[in-house]
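Let me begin by presenting the structure, written as structure tokens, before commenting on it.
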Amino acid sequence: MEIEETKVTQKFQTTIPKRIRKRLGVRSGGEVFWHVVKEFVVVDTHKKIKNPIEFLTSQIKLDLDAVKLVHEARSGMA
């Protein structure tokens with residue numbers, strides 16, 4: 001899980017960190033979509049998926065520990 005921290009300006013603006021912009025392919029003038037899921041915010045770039053089946057099967061192969069992810073997310077909230 002990648003974690004980056006940015007400040008929020010007086011106008012409630014923030015900068016998407018360079019490493020995350022590169023990974024998500026976010027460009028100047030592009031759009032990002034903000035989804036609130038319970039207490040979490042998910043930023044989405046709405047990229048078109050060329051091969052949905054390949055994409056979905058690749059997600060199954062991820063070696064993620066949900067308990068560890070929740071613990072890391074909660075410990076980051078102070």
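Please treat every number below as a calculation from the coordinates, not as lab data. The shown structure was predicted, so the numbers you read here are calculated from the model rather than taken from an experiment. In this analysis, Cβ positions are derived from the backbone assuming ideal geometry, glycine residues included, and neighbour counts consider all displayed protein chains.
Defining a contact as two alpha carbons under 8 Å apart and six or more residues distant in sequence, what relative contact order in percent does segment 18-76 show? Can you show the working numbers first?
Numbers: 23 pairs, mean separation 10.3, N = 59.
Averaging sequence separation for qualifying contacts and normalising by length gives 18 percent for segment 18-76.
Given the DSSP H assignment, sum -39500 (n - 2.57) over each helix run of at least 4 residues in the chain and divide by its residue total; what's the result at 222 nm in deg cm²/dmol, nearest 500? List each step's numbers first, then the result.
Numbers: 3 runs with 27 residues, N = 78.
Helices in the chain give a 222 nm mean residue ellipticity of -10000 deg cm²/dmol.
With θ set to phi - 60° and the Karplus curve 6.51 cos²θ - 1.76 cosθ + 1.60, what are the ³J(HN,Hα) couplings of segment 4-18 in order, to the nearest whole Hz, using x for Gly and Pro?
Running phi through 6.51 cos²θ - 1.76 cosθ + 1.60 with θ = phi - 60° gives 10, 10, 9, 8, 10, 6, 4, 8, 6, 9, 9, 9, 6, x, 3 Hz.
Which whole-Hz couplings ³J(HN,Hα) result when phi for each residue of segment 31-37 is put into the Karplus expression 6.51 cos²θ - 1.76 cosθ + 1.60, θ = phi - 60°, listed in order with x for Gly and Pro?
Result, rounded to whole Hz: 10, 10, 10, 9, 10, 9, 10.
Under 25 °C and 0.890 mPa s, how fast does the chain diffuse according to Stokes-Einstein, given a Kirkwood radius computed over C-alpha pairs? Answer in µm²/s, whole number.
Working: Rh = 15.2 Å.
Answer, rounded: 162 µm²/s.
What is the magnitude of the charge dipole of segment 18-76 about its Cα centre, with +1 placed on the Cβ of each Lys and Arg, -1 on the Cβ of each Asp and Glu, and no other charges, expressed in debye to the nearest 20? It would help to have the intermediate numbers written out before the result.
Values: 13 positive and 7 negative charges, 81 e Å.
So the magnitude is around 400 debye.
Check the straight Cα-Cα distances from Lys48 and name the lysines below 29 Å, setting aside those fewer than 8 residues away within the same chain.
Result set, ordered by chain and number: Lys18, Lys22, Lys38, Lys61.
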